[in-house]
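First comes the structure, then the notes that go with it.
None of the figures in this text is laboratory data; all of them are computed from the coordinates on show. Just so we're clear, the structure is a prediction, and the values are computed from it rather than from any experiment. Glycine gets a Cβ as well: all are built from the backbone with ideal geometry, and neighbour counts include every protein chain shown.
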Amino acid sequence: MLIKRVSIVLAQWCPHCVPLSLVYGRRMAGMLEVPVRVLDIDEQLERADSLVRSCGDWCEDYLIPQVFLEYDNGEVKHVFTGFSEAVPVTEARWNSLLSFIGSQQEFERRRPKEGVRRKPLAGFVEKYLSFEGQCRRHCEEPASFTKLSSSEDRLVGAYVCPGGFVSRVIYFGRKADIVGFNHFLEDHVGKDFVNSRDLRVATRYGWELGGDALSEIGNMSPEGVISEVYWTVYPRTDEEKNRGVFLCQDSREKRGCARLFIQGINSKNRLCPKCRRL
């Protein structure tokens, strides 16, 4: 079975896509000695949607870029989705992917040996899938990853700035539990604030994460992948633009229930209404 083509779904207006992923996608195709097909969602939406729906990280408003390998027997394999956290994160993961291709000249999912005990997901996420970022829509301060909820096989965390504003919330799991994540969000901020178009999924592979991720990922997931579901609020009305998601936590007073809540985007409150009354 031979690779016959690299296909990349992108948009000209997306900074994760052009020029970044277009350059890296062409470099990847050159390393594999195959042509590259570019599907621009503004010009070839039907073909792009069909490819992502059948083989990629599909949702109502899916993440781009997404990259696929097409084989001569008709098989198509998804190998990369851009990282919503920041453009430099996407670039770093591209470099890890190309480094892997250069050293291996193959794509594989490494599964753990029989009898290997599964390890909790939280440590892997903190090591390979949490990054320092910048607050969006609220301030220019750094945003750091904060764990909100976790179990052995799943974790929910948020990127939070010093003012408590939440740029995005992310679910990590062995499978993308969109329904469960949606219920988590609704429990925190209410049904009216959670829009399905603000949820985006991504598949993460050990080969793109660098370090020892390729050898470690099988201890978290029998499929050799970690699924992410991003929730980033994209306001569509003036009312929505004036509100934001915040984390109830005031480290100065050592108070807060560590739950998400909604308030005015310019509010200085560090605590939710319930905790402020205590």
Mind putting together the pair-distance distribution for region 3-104? All Cα pairs, 10 Å bins, whole percent per bin, short to long. 16, 53, 30, 2
Relative contact order of the chain, please, whole-number percent, based on alpha carbon pairs below 8 angstrom and at least 6 residues apart. 16 percent
Can you list, largest first and rounded to whole Å, the semi-axes you get for region 55-212 by taking the square root of 5 times each eigenvalue of its Cα gyration tensor? 28, 18, 18
Going down the list Lys127/Lys274; Lys119/Lys191; Lys191/Lys268; Lys127/Lys254; Lys147/Lys241, which pairs span over 31 Å between their C-alpha atoms? Lys127/Lys274; Lys119/Lys191
Fewest Cβ neighbours within 10 Å first, please rank Glu208, Glu60 accordingly. Glu60, Glu208
Given (i) 59, 56, 32; (ii) 73, 49, 32; (iii) 65, 49, 30 as candidate values of Cα extents along the principal axes in Å, which corresponds to the one derived from the coordinates? (iii)
What order do you get for 172-184, 230-242 when each peptide is scored by the mean count of other beta carbon atoms within 10 Å, highest first? 172-184, 230-242
With the 8 Å Cα cutoff and a minimum separation of six or more residues, region 120-278 has a relative contact order in percent of 20 percent
Quick one: compute the contact order of region 3-104, relative version, from alpha carbon pairs under 8 angstrom and 6+ residues apart, as a percent. 32 percent
